[in-house]
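Below is one structure; the comments refer to it alone.
The values are calculated or read from the model by the stated rules, or taken from the named source; none is laboratory data. Source: prediction; values computed, not measured. For neighbour counting, all protein chains shown are included, and Cβ atoms are generated from backbone atoms with ideal geometry for every residue, glycine included. Accessible surface is based on the protein model in full, side chains and every heavy atom, while ligands, DNA and RNA are left aside. Shrake-Rupley method; radii C 1.70, N 1.55, O 1.52, S 1.80 Å.
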Amino acid sequence: MSFRLAAYAVCIEGGRVLLARHVLPNGESNWTLPGGKVEHAEDPFDAVIREVAEETGCDAVVERLLGVDSRVIPAAERAVPGGPEHQNVGVFYQVRITGGQLRPEPNGDIVESVWTPIPDVACLHRSSLVDIGLALAQSLPANGHVAAVPVGGLVQH
């Protein structure tokens, strides 16, 4: 089984959430939260700020920890076929944008970032990370955990 520790930014402002459009190697795309892999010896708190800057061009500050999500993606459901099962542990932070200007990720997989009205999210082809982040931000569970998000239809791993 492969493993990844990642940090994700949930940026909500004026009833809109900041989403990033990720293009997969096969050319398909989906919407996700700004964020990504925590590098070796990097603090997830620092990683989320770095990832927001890299992917969106914006400066950000962490306002609070929202929660941690751990899920196993079966090998047959991975975006890139042929790999083993994969465990993703995501640390979700409430983040506020403090400056910068939205732009595509230079030499990266994020081709655009946009402020999206929260009601419109349900109509988007998106990563389950979006639903997890929004659920954490809306419910602020004391234990920092939300129920598993069903995958299928518009919601992908």
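List the residue pairs whose Cβ atoms are under 7 Å apart, where the first residue sits in the stretch 112-129 and is more than 15 Å from VAL23 (Cβ to Cβ), the second is open to solvent by less than 50 Å² (accessible area, probe 1.4 Å) and modelled with pLDDT under 95, and the two are 6 or more positions apart or on different chains.
SER128/VAL149; SER128/VAL155
Go through the residues of the stretch 45-67 one by one and say whether even a single one is open to solvent by 40 Å² or more (accessible area, probe 1.4 Å), without any contact (Cβ under 8 Å) to a residue 12 or more places away in the chain and touching a helix residue (DSSP H, G or I) at 6+ places or on another chain (Cβ under 8 Å).
No, because not a single residue in the stretch 45-67 is open to solvent by 40 Å² or more (accessible area, probe 1.4 Å), without any contact (Cβ under 8 Å) to a residue 12 or more places away in the chain and touching a helix residue (DSSP H, G or I) at 6+ places or on another chain (Cβ under 8 Å).
Across the stretch 110-157, what is the total count of residues that are open to solvent by less than 20 Å² (accessible area, probe 1.4 Å) and among the polar types (S, T, N, Q)?
Looking only at that region, the number is 4.
Between a first residue in the stretch 86-104 that is in a loop (DSSP other than H, G, I, E, B) and a second residue that is acidic (Asp, Glu), which pairs have beta carbons less than 9 Å apart while being 6 or more apart in sequence or on different chains?
LEU102/GLU112; ARG103/GLU112; PRO104/GLU55; PRO104/GLU112
Got a sec? Which of GLY27, GLY15, GLY100 is closer than 26 Å to LEU140 by Cβ and open to solvent by 40 Å² or more (accessible area, probe 1.4 Å)? Spell out how you get there, then give the answer.
Details: GLY27 fails: closer than 26 Å to LEU140 by Cβ; GLY100 fails: closer than 26 Å to LEU140 by Cβ.
From the options GLY27, GLY15, GLY100, the qualifying one is GLY15.
Being farther than 15 Å from TRP31 by Cα, in contact with a Lys or Arg (Cβ under 8 Å, 6 or more places away or on another chain) and not in a strand (DSSP E or B) is true for just one of ALA76, ALA148, ALA135. Which residue is that?
Values: ALA76 fails: in contact with a Lys or Arg (Cβ under 8 Å, 6 or more places away or on another chain); ALA135 fails: in contact with a Lys or Arg (Cβ under 8 Å, 6 or more places away or on another chain).
None of the other options fit; the residue is ALA148.
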